[in-house]
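Take a look at the structure set out below.
Readers should treat all values here as calculations from the given coordinates under stated rules, not as data from a laboratory. Because the structure is predicted, anything quoted here is derived from the model rather than measured. All Cβ positions, even for glycine, are placed from backbone atoms using ideal geometry, and neighbour counts span all protein chains on display.
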Amino acid sequence: MSYSFSVKAATKAAAKEAFAAKFDEAVVAHQPIHSRDRAAVLANANTTIDLLADDDSKDVMVSANGYVSWSSGLTGDDAAFTSAAIACSAGHANRE
């Protein structure tokens, strides 16, 4: 199951909070299997966000996409992942 989304916030801390909330609301709520890779996705996003310089004049834009695959017929905690991908980008964006 795959996902793709973006968030924009005024600070790096706010971007981290917005990202976690959006992942839970837009991904885990509709694809519960992603509760299994949530910690890895958030760690990736937080580390990527932390790479940015602080800039109080710009917003922080974060985009993510990824997927997990597993053996057919198994779900939830019984699903053995056969592949996974986690991608994230972050950058400064003009404040509107």
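For segment 2-94, with only Lys/Arg (+1) and Asp/Glu (-1) charged at the beta-carbon, what is the dipole magnitude about the Cα centre, in debye rounded to 20? Kindly include the intermediate steps, with their values, before the conclusion.
On the way: 7 positive and 11 negative charges, 29 e Å.
In total the dipole reaches around 140 debye.
List the relative contact order of the chain as a percent without decimals, with contacts defined as Cα pairs under 8 Å and 6+ residues apart.
On the way: 153 pairs, mean separation 34.6, N = 96.
Relative contact order comes out at 36 percent.
By how many nm would the segment from Ser4 to Asp78 lengthen if fully extended, with 0.36 nm per residue of separation less the alpha-carbon distance? Let's see the in-between values first.
On the way: separation 74, 0.36 × 74 = 26.64 nm, distance 2.46 nm.
This chain segment gains 24.2 nm when fully extended.
Any idea what angle helix 12-22 forms with the longest principal axis of the chain, computed on alpha-carbon atoms, 0 to 90 degrees, nearest 10?
30 degrees
Can you put Met1, Met61 in order, fewest other beta carbons within 10 Å first? Each step should come with its number before you reach the end.
Values: Met1 13, Met61 17.
Going from least to most buried by this count: Met1, Met61.
Any idea what angle helix 38-50 forms with the longest principal axis of the chain, computed on alpha-carbon atoms, 0 to 90 degrees, nearest 10?
Computed tilt is about 20 degrees.
Where does segment 2-94 land on Rg/Rh, using Cα atoms and the Kirkwood Rh?
On the way: Rg = 14.3 Å, Rh = 13.8 Å.
Answer for segment 2-94: 1.04.
Put a dot 7 Å past each Cα toward the Cβ at Leu52 and Glu17; how far apart are the dots in nm?
So the label points at Glu17 and Leu52 sit 1.5 nm apart.
Can you check what the net charge comes to around His30, using other residues whose Cβ is under 13 Å from the Cβ of His30 (Lys, Arg +1; Asp, Glu -1)? Write down the numbers at each step before the final one.
Values: positive: Lys22; negative: Asp24, Glu25.
Result for the local shell: -1.
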